[in-house]
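The values are calculated or read from the model by the stated rules, or taken from the named source; none is laboratory data. A quick note: this is a predicted structure, and the numbers were derived from the prediction, not measured. Here Cβ is always computed from backbone atoms with ideal geometry, including for glycine, and neighbour counts include all displayed protein chains.
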Amino acid sequence: MGLDIRLPIGLLFSVVGALLVGYGALSNKAIYERSLGFNINLAWGVVVLLFGATMLILGSRGTKNRLAGGTRTRGSAGDASAGDKLDARSSR
């Protein structure tokens, strides 16, 4: 399975954030009277959109690194973990 979980999460949050930003920017200003005139949809839309974009960027960088034969993560198949190395030294 080569799908990095950050990619679909980033896409989901980016779409929801873009919808909130669009609604906040284009909606009637009268509906924000209850929130003391603060456009909560626009503010949280920007936050959610930035989070989604960050997840997409990190996910794509991780995917490119893995496809290019980047470094293996700790504990991946074929690598001895730190505990295994310590056990090998102490058994001598």
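Give Leu3, Leu36, Leu42 a once-over and let me know the one that is modelled with pLDDT of 75 or more, hydrophobic (A, V, I, L, M, F, W, C) and surrounded by 11 or more Cβ atoms within 10 Å (Cβ to Cβ). So the residue among Leu3, Leu36, Leu42 that is modelled with pLDDT of 75 or more, hydrophobic (A, V, I, L, M, F, W, C) and surrounded by 11 or more Cβ atoms within 10 Å (Cβ to Cβ) is Leu42.
Here is a check on your reading of the model: is Leu50 at pLDDT 85 or above and on the phi < 0 side of the Ramachandran plot? Against the criterion (at pLDDT 85 or above and on the phi < 0 side of the Ramachandran plot), Leu50 qualifies.
Among the residues of the range 27-45, are any out of contact with any Lys or Arg (no Cβ under 8 Å at 6 or more places or on another chain), among the hydroxyl-bearing types (Ser, Thr, Tyr), part of a helix (DSSP H, G or I) and closer than 11 Å to Arg6 by Cβ? No: the range 27-45 contains no residue that is out of contact with any Lys or Arg (no Cβ under 8 Å at 6 or more places or on another chain), among the hydroxyl-bearing types (Ser, Thr, Tyr), part of a helix (DSSP H, G or I) and closer than 11 Å to Arg6 by Cβ. Yes or no: the range 6-15 includes at least one residue that is touching a residue at least 12 places away in the same chain (Cβ under 8 Å), on the phi < 0 side of the Ramachandran plot and basic (Lys, Arg). Yes, because at least one residue in the range 6-15 is touching a residue at least 12 places away in the same chain (Cβ under 8 Å), on the phi < 0 side of the Ramachandran plot and basic (Lys, Arg).
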